[in-house]
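These notes are about the structure you will find just below.
The values are calculated or read from the model by the stated rules, or taken from the named source; none is laboratory data. In this text the structure is predicted, and so the values were computed from the model without any measurement. FYI the Cβ positions are ideal-geometry reconstructions off the backbone, even for glycines, and counts take in every protein chain you see. Quick note on the areas: whole protein, heavy atoms, side chains included, nothing else; ligands and nucleic acids left out. Shrake-Rupley method; radii C 1.70, N 1.55, O 1.52, S 1.80 Å.
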Amino acid sequence: MNYLILVSHGQFSEGLRDALSMFIGDDIEQVRAIGLKSGEDTTNFGSRFKSLLSDIAPDDGLIVLGDIIGGSPLTTVTDILNQQQRLSETIVLGGMNFPMALNAAILKNTMSGDDLVSALLHEAITAVKQFELIEADEDEDEI
């Protein structure tokens, strides 16, 4: 089984998980979220992350999406995964957004490796657009 782990500063990851539950239903059980609380040190955060991993089998796959590459939450998570000798088999991506997380949740058990990374990065990038009003052509029939 593959798990999606959302990592962030504050409650961003928990909110993202909550929003995902509206789209993926029961599969939300394979999505975990953890955020570094305001004023929390990385030692305590790391302990909470180890607890989050405690019921995930060592041979289960992990996809970790973080809010910022190089930020304390994601750095702490990758350090722990490295200590547990799981990092080399884990996909880690930063700059998560909702479309990226949704696709990760949907594709995590059907795609892997470079194909999954490519699909997730493509979705994350192409989903960021400026909203533009498009005026309807007066000659077109209304639906």
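Computed from these coordinates, which is Rg and Dmax of the Cα atoms in Å: (i) 13.9, 42; (ii) 17.5, 57; (iii) 17.5, 64?
Step by step, Rg and Dmax of the Cα atoms in Å for this structure corresponds to label (iii).
Against the longest principal axis of the chain, how steep is helix 98-107, in degrees 0 to 90 to the nearest 10, with axes from Cα atoms?
The angle comes out near 70 degrees.
How do the peptides 23-36, 84-97 rank, highest first, by the average count of neighbouring beta carbon atoms within 10 Å per residue?
On the way: 23-36: 17.1, 84-97: 15.4.
So the peptides 23-36, 84-97, ranked by packing, come out 23-36, 84-97.
Go through Met100, Met1, Met111 and list them by solvent-accessible area, largest first, probe radius 1.4 Å. Don't skip to the answer; put the middle values down first.
Details: Met100 0, Met1 120, Met111 60 Å².
Largest accessible area first, the list is Met1, Met111, Met100.
Probe radius 1.4 Å, ligands and nucleic acids ignored: give me the carbon and sulfur share of the accessible area of the chain as a rounded percent. Each step should come with its number before you reach the end.
Details: 4320 of 8810 Å².
Using a 1.4 Å probe with all protein chains present, the chain comes out at 49 percent carbon and sulfur.
Using only Cα atoms, find the angle between the long axis of helix 42-53 and the longest principal axis of the chain, and express it within 0 to 90 degrees, rounded to the nearest 10.
80 degrees
Considering only C-alpha atoms, what is the centroid distance from the stretch 1-43 to the stretch 51-83, in Å?
Centre-to-centre (Cα) distance: 12 Å.
If I fit a long axis through the Cα atoms of helix 113-126 and take the longest principal axis of the Cα atoms of the chain, what angle between them do I get, 0 to 90°, rounded to 10?
Long axis of 113-126 versus the principal axis of the chain: about 50 degrees.
How much accessible area does His122 have with a 1.4 Å probe, in Å² rounded to the nearest 10?
Ignoring ligands and nucleic acids, His122 comes out at about 120 Å².
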